[in-house]
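Contents: one structure, followed by commentary.
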Amino acid sequence: MGKKIFSGVQPTGNLHLGNFLGAIKNFVKLNNDDNNECIFCVVDLHSITIPQNPKELKKNIHNTVATFLACGIDPKKSIIFNQSQVSAHSEASWILSCVARIGWLNRMTQFKEKAGKDKEKASIGLYSYPILMAADILLYDTTHVPVGNDQKQHLELCRDIAQKFNNDFNMKDFFKEPEPLIQKEFSRIMSLKDGLKKMSKSEPSDQSRINLNDNESQIVTKIKKAKTDPLPLPSTIKELEKRPEAKNLLGIFSSLSGQTLEKSVNEFSGKNFSKFKENLSQLLVDKIVPISSEIKKLLNDKNFLEDVLLNGCGKADAIASKKLKKIHEIVGF
Ligand code: AQP
């Protein structure tokens, strides 16, 4: 049986290699299987949990759609839309926030990481973000959610919310409990400047990530400057455990080339970083520059990108508003 897929990406900046290897590469594979029904959402409501410049936000929404298309998602096969244009997401989120428990949210590690030391000053939206994410997923009877490893906990919360709603209202199986689709290997790509920190759009330093719209010289420079350690590359995977930067760069190489980490370790065993970095740069240029050129081309046609969104919103709204109507009936509105 085919899968019902839903996943979202925040329009908070340039999409990067982590988004690509952790999520979008998988979106494309799922999109290409005709048995699946796929929905890919530009989650603009999520993005404002952290302040956004309105003009930049609009640009980032277009950039995200262009990146989806440039990576190979076909809008004729998959629904592509932006969350703020389908009001059922916000409405369902409120109802589900009356089902979710504060204790559950208090355990979410991403809030702790993103709010930092001064939690009192974080927005309530940042705190309740996983409930909106649950609404996004549950409105479409999603069976599978392709995400990076960092979203696993939020998906578990989504399952808890679905279960509690079904139990509270005695509606067995009304909300389907979605399964995460997380790649076993390389599901968390780290910063080029710190192998212990996730590669992220909102990290101030552009040198910390490879953007999917970077050109050849940007990619080569970033890899040249990427943090390493003084030792030659190791000969076993075990040795990588204490060498986060080497592990990350070899992981990127393996994921992009489609070979196992073991094979990459054997290939570069005992070599110095400069030789390995030449190979990595070349591979990145081969894989990323075609995407980057396509993004630039698509961004010149804003009307086309708007049409993709409008068309996707119509289709998404038809599904979501029907589910919301049933939720209203169940709750007693
Ligand atoms: N570094 C990463 N490695 C693997 N997967 C990643 N994802 C994000 N960063 C990595 C996955 O990409 C999808 C879209 O992520 P998102 O934009 O919705 O939010 P995020 O996880 O918060 O990503 P960023 O880049 O860190 O954005 P900002 O800086 O705005 O918070 C998700 O499936 C995510 O797992």
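The values are calculated or read from the model by the stated rules, or taken from the named source; none is laboratory data. No experiment lies behind these values; they were computed from the predicted model shown. Every residue, glycine as well, gets a Cβ built from its backbone with ideal geometry; the counts of neighbours run over all protein chains shown. Note: accessible area is taken over every heavy atom of the protein model, side chains too, but ligands, DNA and RNA are not part of it. Shrake-Rupley method; radii C 1.70, N 1.55, O 1.52, S 1.80 Å.
Annotation for residue 97 and residue 174: the two label points, set 7 Å from Cα along the Cα-Cβ direction, are 2.0 nm apart.
Calculated mean residue ellipticity, 222 nm, the chain: -16500 deg cm²/dmol, from DSSP H runs (n ≥ 4) at -39500 (n - 2.57) each, averaged per residue and rounded to 500. Phi angles of the range 134-147 translate, via the Karplus equation with coefficients 6.51, -1.76, 1.60 and θ = phi - 60°, into HN-Hα couplings of 5, 4, 3, 6, 6, 4, 10, 6, 4, 9, 9, 10, x, 9 Hz per residue; Gly and Pro are given as x. Kindly identify the range 34-193 as rounded, prolate or oblate by the Cα gyration tensor criterion: order the square roots of the eigenvalues as a ≥ b ≥ c, call it rounded if a/c is under 1.5, otherwise compare a/b with b/c, prolate if a/b is larger, else oblate. Here the range 34-193 falls in the rounded category. The distance between label points at residue 194 and residue 275 comes to 3.2 nm (points 7 Å beyond Cα on the Cα→Cβ vector).
If you plug the beta carbon distance of residue 217 and residue 262 into 1/(1 + (r/R0)^6) with R0 = 35 Å, you get a FRET efficiency near 0.60. Note on exposure: 94, 104 ranked by accessible area (1.4 Å probe, complete protein assembly) read 94, 104, with the most exposed listed first.
Dipole size of the range 206-297 about its Cα centre, with +1 on Lys/Arg Cβ and -1 on Asp/Glu Cβ: approximately 160 debye, rounded to the nearest 20. Carbon-plus-sulfur accessible fraction, the chain (probe radius 1.4 Å, protein heavy atoms only): 52%. Ranking 95, 60, 230 by Cα position along the charge dipole of the chain, where only Lys, Arg, Asp and Glu carry charges on their C-beta atoms, puts 230 farthest toward the positive end. Here the range 1-69 and the range 134-153 have alpha carbon centers that stand 13 Å from each other. When +1 charges are put on Lys and Arg Cβ atoms and -1 charges on Asp and Glu Cβ atoms, the dipole computed for the chain relative to its Cα centre reaches about 640 debye. DSSP beta bridges confined to the chain are antiparallel in about 10 percent of cases. Where a ≥ b ≥ c are the square roots of the eigenvalues of the C-alpha gyration tensor, would you call the range 206-297 rounded, which needs a/c under 1.5, or, failing that, prolate if a/b is larger than b/c, or oblate? Prolate, because a/c is 1.5 or more and a/b exceeds b/c.
Can you work out the FRET efficiency for the pair residue 301 and residue 164, with r the C-beta to C-beta distance and R0 = 35 Å, to the nearest 0.05?
Calculated transfer efficiency: 0.20.
Peptides 209-220, 173-184, 14-25 ordered by packing proxy, namely the average of other Cβ atoms within 10 Å per residue, highest first: 14-25, 209-220, 173-184. Taking 32 Å as the cut-off for C-alpha to C-alpha distance, list the pairs among 76/152; 297/322; 247/287; 121/325; 222/263 that go past it. Too far apart for the 32 Å limit: 297/322; 121/325.
Helix 244-257 and the longest principal axis of the Cα set of the chain meet at an angle near 80°.
Scoring 275-285, 42-52 by mean Cβ neighbours within 10 Å over their residues and listing the highest first yields 42-52, 275-285. Structural size metrics of the chain, computed from C-alpha coordinates, are Rg and Dmax of 20.6, 67 Å. Taking all protein chains as shown and a probe of 1.4 angstrom, residue 74 keeps an accessible surface of around 50 Å².
A full extension of the chain between residue 56 and residue 237 corresponds to an added length of 61.0 nm, given 0.36 nm per residue minus the alpha carbon distance. Report, in whole Å, the centroid distance computed from the Cα atoms of the range 278-333 and the range 175-250. The range 278-333 and the range 175-250 have Cα centres separated by 25 Å. What the chain shows is 49 Å² of accessible area per residue, with the surface traced by a 1.4 Å probe over protein heavy atoms. Database remark: amide H of residue 190 closer than 5 angstrom to the amide H of 199 (H placed geometrically; neighbours at sequence offset of 5 or more, or on other chains; Pro and chain starts carry no H). Candidate cross-link partners of residue 296 among the aspartates and glutamates, defined by an alpha-carbon separation under 18 Å and a same-chain spacing of 8 or more, comprise 56, 74, 214, 216, 286, 306, 307.
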